[in-house]
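The structure appears below as structure tokens.
Every number in this text was worked out from the coordinates using simple rules, so none of it is lab data. These numbers come from a predicted model, not from an experiment. All Cβ positions, glycine included, derive from the backbone under ideal geometry; neighbour counts span all protein chains shown.
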Amino acid sequence: MIKTIVQNPLFLSLFSKVKMINNKQPTRDEHGFTLVELLVVLTILSLLTGLVTVQAISYLESSKISTTKSQIANIATALDLYILDAGKYPTEDQGLTILIEAPTDSTSPWNGPYLASKTVPKDPWGSDYVYKITGRSFQLMSLGADKVPGGEDDDADIVSR
């Protein structure tokens with residue numbers, strides 16, 4: 001049966017055409033990509049990478065600002081708990097460490113620690129939060145990305161209350 005099919009003239013003519021297609025030399029269109037085509041693709045990929053990078057950096061900065069606001073709110077809550085026990089906010093000299101460590105003088109009651117962490121958190125830019133007493137209240141501040149008072153946009157100070 002197979003011998004009959006292989007000897008069939010129609011099969012032989014089809015098989016010979018297939019064999020010729022497979023053995024034929026590639027034409028100019030079939031060789032691959034030209035240098036210009038590769039450069040165009042690399043340029044497009046570079047532009048896309050640049051756009052994605054810029055967008056990712058802006059998301060990173062906005063997340064740092066959100067994190068700072070959350071940390072300030074947590075520290076403010078801890079200070080509010082401290083005032084319930086001590087009757088006053090810690091002095092600027094005592095600073096925020098009193099929220100974690102009991103004061104050395106036993107003049108004020110301390111039922112801490114008031115923060116869950118073992119250290120006072122730093123802002124996302126690695127700086128300490130600025131703690132100031134303002135009359136009967138307090139102010140917590142992060143100096144932002146530039147680490148100096150003032151600034152605009154990503155460098156702006158983030159202040160509580």
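Please go through the range 66-77 and pick out each residue that is crowded, with 18+ Cβ neighbours inside 10 Å and β-branched (V, I, T). Of everything in the range 66-77, those that are crowded, with 18+ Cβ neighbours inside 10 Å and β-branched (V, I, T) turn out to be T68, I72, I75.
Filter the range 61-89 for residues that are over 28 Å from the mean Cα position of the chain (by Cα) and touching a residue at least 40 places away in the same chain (Cβ under 8 Å); which is nearest to D146 (Cα to Cα)? Out of the qualifying residues, it is L79. Here I98 meets the list (1) part of a loop (DSSP other than H, G, I, E, B); (2) crowded, with 16+ Cβ neighbours inside 10 Å almost entirely, failing just condition (1). Could you tell me which residue of the range 78-95 is surrounded by the most Cβ atoms within 10 Å (Cβ to Cβ), considering only residues that are under 20 Å from Y129 (Cα atoms) and of a type in the set (A, V, I, L, M, F, W, C)? Taking the candidates together, the pick is L79. For the range 101-116, taking the residues that are surrounded by 11 or more Cβ atoms within 10 Å (Cβ to Cβ) and either among the basic types (K, R) or under 34 Å from the mean Cα position of the chain (by Cα) (or both), the one that is nearest to I158 (Cα to Cα) is identified as L115. Residues being surrounded by 15 or more Cβ atoms within 10 Å (Cβ to Cβ), β-branched (V, I, T) and not in a helix (DSSP H, G or I) are represented in the range 146-158 by at least one member.
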